[in-house]
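For reference, the structure is listed below as structure tokens.
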Amino acid sequence: MLKERGEYKTKVNKALFDNEKIKNIILGDISDLSKGEVIKRFKSHVKSHLFNEDTVMDAGTYIYYEVFYPDFAPQVKDCQINMTVICQRDIVDDISFTEDNSDYDGYFGNRVDILSELIEETLLSNEYVNKFGIGRLELSSVGAYSSNRFYGVIMNFEVPNFR
């Protein structure tokens, strides 16, 4: 039953990594980096565990996520993906992700707003939305995250997953 938690984390991580716009917001210009270096840097900014402010020392943009089963019974369980998207306060309004930001036309707000919209689009796209169980993955809530050093949002996705 708990094996699916790891599988879901792998699927979320792959979906986020496959999106070039998400990588550019998090890592900046990666055009001159090897694939191995991009993976290494991505892993330092995207974590499959809950956010703990004391663990982040560098300024930057980060995604933390965890998979939960808030309700389950012998025949049915639901899955929840809790995602915290944060940015160090000094760069939250800096939206110059690449030299040519035309890829981000149509996206509005600060760095966290744009990143959270891209995450929603990615996970709810036809490529991924049905890969998390029998039911469709849905964005169920978005809340604010604010601390002395970071600003962000907490996104909750839910999917009914029948065994």
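Taking Cα atoms only, the orientation of helix 35-45 departs from the longest principal axis of the chain by about 80 degrees. Using the Cβ-Cβ distance between residue 31 and residue 140 with R0 set to 41 Å, the FRET efficiency works out to roughly 0.70. Over the chain, one equal point on each Cα, no solvent: what is log10 I(q)/I(0) by the Debye formula at q = 0.09, 0.14, 0.17, 0.20 Å⁻¹? Rounded to two decimals, the profile gives -0.30, -0.71, -1.03, -1.36. In sequence order, segment 79-92 has phi-based couplings of 10, 10, 10, 9, 10, 10, 10, 10, 9, 4, 4, 5, 10, 4 Hz under the Karplus curve 6.51 cos²θ - 1.76 cosθ + 1.60, θ = phi - 60°, and Gly or Pro positions carry x. Helical runs assigned H by DSSP (4 residues or longer) give the chain a calculated mean residue ellipticity at 222 nm of -9000 deg cm²/dmol, each run adding -39500 (n - 2.57) before division by the residue total. Taking amide hydrogens as placed 1.01 Å from N in the peptide plane, the amide H of residue 132 sits under 5 Å from those of 137, each at least 5 positions away in sequence or on another chain. Computed from Cα atoms, the angle from the helix 3-18 axis to the main principal axis of the chain rounds to 30 degrees.
The amide H of residue 145, built 1.01 Å from its N in the peptide plane, has 152, 153, 154 as neighbours under 5 Å, considering only residues 5 or more places off or on other chains. For residue 47, the residues 5 or more places off, or on other chains, whose built amide H falls under 5 Å of its own are 63, 64, 65. Temperature 25 °C, viscosity 0.890 mPa s: under these conditions the Stokes-Einstein estimate for segment 82-163, based on its Kirkwood radius over C-alpha pairs, is 174 µm² per second.
Where a number appears in this text, it was derived from the coordinates with a stated rule and is not lab data. The model shown is predicted, which means the values in this text are computed figures rather than measured ones. Positions of Cβ are backbone-derived with ideal geometry, glycine not excepted, and every protein chain shown enters the neighbour counts.
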